[in-house]
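Asker: One structure, pasted below without further comment.
The values are calculated or read from the model by the stated rules, or taken from the named source; none is laboratory data. Only a predicted model underlies this, so the values are computations on that prediction, with no experimental measurement involved. In this analysis, Cβ positions are derived from the backbone assuming ideal geometry, glycine residues included, and neighbour counts consider all displayed protein chains.
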Amino acid sequence: MNHATPLLEVEHLRTHFFTPRGTVKSVDGVSFSLAAGETLAVVGESGSGKSVSSLSIMGLIPPDAGRIVGGSIRFRRRDGSVCELTRMTQRELRRLRGNEMAMVFQDPMSCLNPVLTIGDQLAEAIRIHLGGGRAAALAHARRMLEMVEIPAAARRLGEYPHQLSGGMRQRVMIALALACQPSLLIADEPTTALDVTVQAQILALLQRLQRDTGTGILFITHNLGVVAEIADRVAVMYSGRVVEQGDVMRLFAQPRHPYTRGLLACLPGRHHGDAARLAGGRPRLAAIPGQVASPLAPPPGCAFEPRCALAQAACRAAVPELADFGAGQSARCILGSPQ
Ligand SMILES: Nc1ncnc2c1ncn2[C@@H]1O[C@H](COP(=O)(O)OP(=O)(O)OP(=O)(O)O)[C@@H](O)[C@H]1O
Ligand SMILES: [Mg+2]
């Protein structure tokens, strides 16, 4: 197996939706890569295209609403071969999902079946992917619940989702996603609905599981405190594009894009590298003045230009190229470009 090949490589991805009001360019030229065992955080305001990017990777864009219209998503399989997800059939994608790649959604109730016990749901997933009998699958399911630190796991197997607290349901969903040891885990705001203590426990759990299994994690969040806590690298999205990406500590210490600077300036009690304090402050991305451009009518140039205090005429002319700042950091801004 060639470990130099990234686990996931997204290049110039474009996913559009076709609505009666026009084409929504939800994802419009997104590129990033993820190595095995690495965590890449994707941050950005509501509507910037984070979920649509994840659903595109998982092959879950509703075909009656939209589709991937360009770009490529390469995924390194367990056997070392690299496949192009955008060209796979639904049948092939289904075989990969919940097996080599899995996703944890924001709302656990949307993926848990309310009329099946936790044990039956886990056992079914385990049997589909690993085979074996029901008894063996239930034993495996109990070990999975223990792994995500659910107390009294044997008893919980016989319970229904509504009998569990939000935090416990989230753990069950993580257990479900990890049951088949995926090499790629996409977690879309997995802790937003939870209180701070449970959130911290779930993040610690994900990190421990990642250390044990080498899973690559794409972690989507609004919360920069969580990013500081868990990510190796971060991609900042704005209006369907990645406007800046880089190593998390470097990007926090020296943000190059005015949008990234704005996000970081919104953090209360910001202190470089002080992840615990950032996490404790529950910072949210909210306080940049102005509104995200309508995805139906994006401006021709930089999408952040209407909100940018530093904007110049050139910013309106064309979408800025990605400027490379070295050490893996890049930003789509003409002002920050190295001379
Ligand atoms: N089925 C759909 N039909 C039309 N437009 C859609 C559809 N799904 C998403 N969009 C649009 O795509 C854009 C990006 O949405 P997306 O869900 O990826 O945002 P997000 O970054 O995940 O936001 P949030 O932080 O609120 O979860 C939004 O403008 C959204 O309205
Ligand atoms: Mg989303």
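Asker: Among the helices (runs of 4 or more DSSP H) lying completely within region 127-204, list those that include at least 1 residues that are in contact (Cβ under 8 Å) with a residue 24 or more places away in the chain and farther than 30 Å from LEU7 by Cα.
Answerer: Here the list reads 153-156, 166-178.
Asker: For region 40-51, enumerate the residues that are surrounded by fewer than 22 Cβ atoms within 10 Å (Cβ to Cβ), within 10 Å of ligand 2 (Cβ to nearest atom) and on the phi < 0 side of the Ramachandran plot.
Answerer: Hits for region 40-51 are SER46, SER51.
Asker: Within region 11-30, identify whether any single residue is within 15 Å of the chain's Cα centre (by Cα) and at pLDDT below 95, and answer yes or no.
Answerer: No, region 11-30 contains no residue that is within 15 Å of the chain's Cα centre (by Cα) and at pLDDT below 95.
Asker: Condition first: within 16 Å of ligand 2 (Cβ to nearest atom) and under 18 Å from the mean Cα position of the chain (by Cα). Now tell me which residues in region 52-104 satisfy that.
Answerer: VAL52, SER53, SER54, LEU55, SER56, ILE57, MET58, LEU60, ILE61, MET103, VAL104
Asker: On to the next question. Examine region 87-104 for a residue that is touching a residue at least 24 places away in the same chain (Cβ under 8 Å) and either more than 20 Å from PRO182 (Cα to Cα) or within 16 Å of ligand 1 (Cβ to nearest atom) (or both), and state whether such a residue exists.
Answerer: Scanning region 87-104 turns up at least one residue that is touching a residue at least 24 places away in the same chain (Cβ under 8 Å) and either more than 20 Å from PRO182 (Cα to Cα) or within 16 Å of ligand 1 (Cβ to nearest atom) (or both).
Asker: Turning to a different aspect of this structure: In region 105-138, which residue that is away from ligand 1 (no atom under 16 Å from the Cβ) and charged (D, E, K, R) is farthest from the chain's Cα centre (by Cα)?
Answerer: Looking at the filtered set, the residue picked out is ARG134.
Asker: Of all residues in region 9-20, which are of a type outside the set (A, V, I, L, M) and either near ligand 1 (Cβ under 9 Å from one of its atoms) or in contact with a strand residue (DSSP E or B) (Cβ under 6 Å, 6 or more places away or on another chain) (or both)?
Answerer: Answer for region 9-20, where residues must be of a type outside the set (A, V, I, L, M) and either near ligand 1 (Cβ under 9 Å from one of its atoms) or in contact with a strand residue (DSSP E or B) (Cβ under 6 Å, 6 or more places away or on another chain) (or both): GLU9, GLU11, HIS12, ARG14, THR15, HIS16, PHE17, PHE18, THR19.
Asker: Tell me yes or no: at least one residue of region 267-279 is at pLDDT below 90, closer than 25 Å to ALA175 by Cα and more than 16 Å from ligand 1 (Cβ to nearest atom).
Answerer: Yes - at least one qualifying residue is present in region 267-279.
Asker: Being more than 16 Å from ligand 2 (Cβ to nearest atom) and aliphatic (A, V, I, L, M) is the filter; apply it to region 19-39 and report the residue that is surrounded by the most Cβ atoms within 10 Å (Cβ to Cβ).
Answerer: Result: LEU34.
Asker: Checking TYR259 against (1) within 16 Å of ligand 2 (Cβ to nearest atom); (2) surrounded by 19 or more Cβ atoms within 10 Å (Cβ to Cβ); (3) not in a strand (DSSP E or B), which test does it fail?
Answerer: Among (1) within 16 Å of ligand 2 (Cβ to nearest atom); (2) surrounded by 19 or more Cβ atoms within 10 Å (Cβ to Cβ); (3) not in a strand (DSSP E or B), the lone unmet condition for TYR259 is (1).
Asker: Give region 21-35 a look and list any residue that's assigned to a strand (DSSP E or B) and touching a strand residue (DSSP E or B) at 6+ places or on another chain (Cβ under 9 Å), or say none.
Answerer: If the condition is that a residue be assigned to a strand (DSSP E or B) and touching a strand residue (DSSP E or B) at 6+ places or on another chain (Cβ under 9 Å), then THR23, VAL24, LYS25, SER26, VAL27, ASP28, GLY29, VAL30, SER31, PHE32, SER33, LEU34 are the ones that fit.
Asker: Separate question: Are any of the residues in region 30-46 over 25 Å from ASN223 (Cα atoms) and free of Cβ contacts under 8 Å to residues at least 60 places away in the same chain?
Answerer: The answer is no, given that none of the residues of region 30-46 is over 25 Å from ASN223 (Cα atoms) and free of Cβ contacts under 8 Å to residues at least 60 places away in the same chain.
Asker: Go through region 9-18 residue by residue and tally those that are within 22 Å of PRO182 (Cβ to Cβ), surrounded by fewer than 24 Cβ atoms within 10 Å (Cβ to Cβ) and touching a Gly at 6+ places or on another chain (Cβ under 9 Å).
Answerer: So the count comes out to 1.
Asker: Related question: With the condition kept exactly as written, say whether any residue in region 71-81 is within 16 Å of ligand 1 (Cβ to nearest atom) and closer than 23 Å to PRO300 by Cα.
Answerer: Yes, region 71-81 contains at least one residue that is within 16 Å of ligand 1 (Cβ to nearest atom) and closer than 23 Å to PRO300 by Cα.
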